[in-house]
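> One structure, pasted below without further comment.
The values are calculated or read from the model by the stated rules, or taken from the named source; none is laboratory data. All of these numbers come straight from a predicted model, not from anything done at the bench. Here the Cβ positions follow ideal geometry from the backbone for every residue, glycine too, while neighbour counts run over all protein chains shown.
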Amino acid sequence: MNLFKFSSPQTFYPLAGRLAPLFWGLAAVLGAVGLYIGFFVAPTDFQQGDSYRIIFIHVPAAWMSMFLYLVMAVWAAVGLVLNTRLSSMMATALAPTGALMTFIALWTGSLWGRPTWGTWWVWDARLTSELILLFLYIGFMALHASIDEPRRADKAAAILAIVGVVNVPIIYFSVKWWNTLHQGSSVSLTKSPSMAATMLAGMLVMALAFWMYSIAAGLTRVRSIILERERNSAWAGAMQEN
Amino acid sequence: MTPRRKRLAMVVGGVAVLGIGAALILNAFNSNLVFFYSPTQVAANEAPTGRSFRIGGLVEQGSVKRESDGVSVRFVVTDTAKIVPVVYKGILPDLFKEGKGVVAQGKLEADGVFHASEVLAKHDENYMPPEAADALEKAHKAAQGSEKTLVMDKSSGGGQ
């Protein structure tokens, strides 16, 4: 099977249509399981009581906000270098979901910070760099929308996305590099997790659910973008007539 | 709008977005990259004098004392090497506890006392059920005998 067959919008459109419901379903099931573990199975925390439970939303959203930016930038770079339309469409399709994840991470973090730290917001390195990530997503979408010609918009937005990648490691390592109010990572590749097993299980299931949601939302959105941008092509026109 | 002017607007817009981002980063680097100073840094005169800054560390065991007016509280911030006495008038966050992390914003006055205008609790990245924390604490105490310590032991989930 030639996988490159699916690198054209015309062949990818029906494939995305078949895959999207699968990922929507997985997201719903994993989300339900994750929230059940988070609210009913995981124990209360020894110092934060129940307020720590927002971690089941906060951490998966924050992870996805960083990961989606990397994926978006890679697709944008591929589109820039290889001049493939579908790659740029994928980057454009992921931006709103990434911005949503960033907003959720900032919002839930604020709700969590008030009862634990005693403040909604501080300008420490972690919080500030995550806010810049939100601005980068918004900047990417605004720049793309401000240029009428799609291919030119793709190229300009791609450069912004690529430049912005520098921010992702800054967010991730900010709690290691500098004194921050934000605590360090509970889960990382270099050490064993510093949370109870059921808490960790709930968080990882929720992370998978957010991952599935992001794939489903990306596939659904890229279908709309393909239709919109290929509306003058023969195959899209034929579909409208049916 | 001619294509050329559109291109110009695009370039200016892109540069502006990057500029704002970079400026925010640099701003964070300058004034807030070091979000707080440790008592050791304060003792070594690395903290700014004459203006407000933040100190961070642990609240020393047995140091929290309420003033007679009922709203002022005195405590000592330690990094186990040096200490800074702090006075604060206001409501403390729920997680403010002796032996736990704290970040206070305020000024170091001539009397050597840090007059805080804001006190925030800094919690660690350990999450566990209360029973597990109790068990760890007992094991910790058994291992140390009666020796009192303020050092946060990473493996024990915050020591005391």
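> Just one of A:Val187, A:Val166 is of a type in the set (A, V, I, L, M) and touching a Pro at 6+ places or on another chain (Cβ under 6 Å); which is it? Walk me through how you get there before you give the answer.
Details: A:Val166 fails: touching a Pro at 6+ places or on another chain (Cβ under 6 Å).
Step by step, each of A:Val187, A:Val166 is checked, and only A:Val187 is of a type in the set (A, V, I, L, M) and touching a Pro at 6+ places or on another chain (Cβ under 6 Å).
> Could you say which residue among B:His140, B:His123 is at pLDDT below 90, closer than 23 Å to A:Pro115 by Cα and in contact with a helix residue (DSSP H, G or I) (Cβ under 9 Å, 6 or more places away or on another chain)? If you could, list the steps in order and put the result at the bottom.
Working: B:His140 fails: closer than 23 Å to A:Pro115 by Cα.
Only one candidate qualifies: B:His123.
> Additional query: Checking A:Val78 against (1) of a type in the set (A, V, I, L, M); (2) touching a residue at least 24 places away in the same chain (Cβ under 8 Å); (3) surrounded by 17 or more Cβ atoms within 10 Å (Cβ to Cβ), which single condition isn't satisfied?
(2)
> Among the residues of the range A:1-35, count how many are without any contact (Cβ under 8 Å) to a residue 60 or more places away in the chain, more than 17 Å from A:Gly79 (Cβ to Cβ) and in contact with a Phe, Trp or Tyr (Cβ under 7 Å, 6 or more places away or on another chain).
1
> Also, I was wondering about something else. What is the number of the single condition among (1) at pLDDT below 90; (2) closer than 15 Å to A:Ala157 by Cβ that A:Trp75 does not meet?
(1)
> Further, regarding this structure: Among the candidates A:Phe135, A:Phe173, A:Phe140, A:Phe210, which residue alone is under 17 Å from A:Phe67 (Cβ atoms), at the interface with another protein chain (Cβ under 10 Å from one of its Cβ atoms) and part of a helix (DSSP H, G or I)? Lay out the reasoning, then the answer.
On the way: A:Phe135 fails: under 17 Å from A:Phe67 (Cβ atoms); A:Phe173 fails: at the interface with another protein chain (Cβ under 10 Å from one of its Cβ atoms); A:Phe210 fails: at the interface with another protein chain (Cβ under 10 Å from one of its Cβ atoms).
One residue alone meets the criteria, A:Phe140.
> Tell me which of these B:Ala116 doesn't satisfy, since it passes every other one: (1) more than 28 Å from A:Leu134 (Cβ to Cβ); (2) in contact with a Lys or Arg (Cβ under 7 Å, 6 or more places away or on another chain).
The single condition B:Ala116 does not satisfy is (2).
> Which condition from (1) assigned to a helix (DSSP H, G or I); (2) buried (at least 20 other Cβ atoms within 10 Å of the Cβ) is the one that A:Phe39 breaks?
Here A:Phe39 meets the rest and fails (2).
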